[in-house]
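These notes are about the structure you will find just below.
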Amino acid sequence: MDKQAIFKRVAQVEEQIGELYKELGGLKSEIVHLMEENTRLTLENDQLRKLQQEVSGENAAAFSDEAGQTTLHQSIGNHHLMNLYDEGFHICNVHYGRMRTDGNCLFCIAFLDKTKED
């Protein structure tokens, strides 16, 4: 190999190293982002677990008899259904689980009214 070919080959290797260095930098920043997100989600999970334990403790104390437990489960279920409806999902037996695209659903509203009466 002559000197010119060796010089070109060294330049190519140097360019490849530069590209790898850029890619490594990108991966490093992505890892940092994922670690930050993981930490945030871990803290959020811990807070939610504490809140759940507090609510469970309060609910267990408030509804110690069997009839109270049934009422508690029904009210929690109704609350979850209302949240689903507010998030844009059908809760009626006709379209349950589908996204609501046409505004309010009369079947869902009737079902919510029925659960409020119970």
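Derivation of every value follows stated rules applied to the coordinates shown; laboratory data play no part. This one's a predicted model, so the numbers in the text were calculated from it and none came from an experiment. Every residue, glycine among them, receives a Cβ derived from its backbone with ideal geometry; neighbour counts consider all protein chains shown.
For the stretch 1-33, trypsin sites (Lys or Arg not before Pro) are listed when DSSP marks them as loop and at most 12 other Cβ atoms sit within 10 Å of their Cβ; the list is empty. If I model a spin label at residue 50 and residue 2 as a point 7 Å from the Cα along the Cα→Cβ vector, what separation in nanometres do I get? Label-label distance for residue 50 and residue 2, simple model: 7.5 nm.
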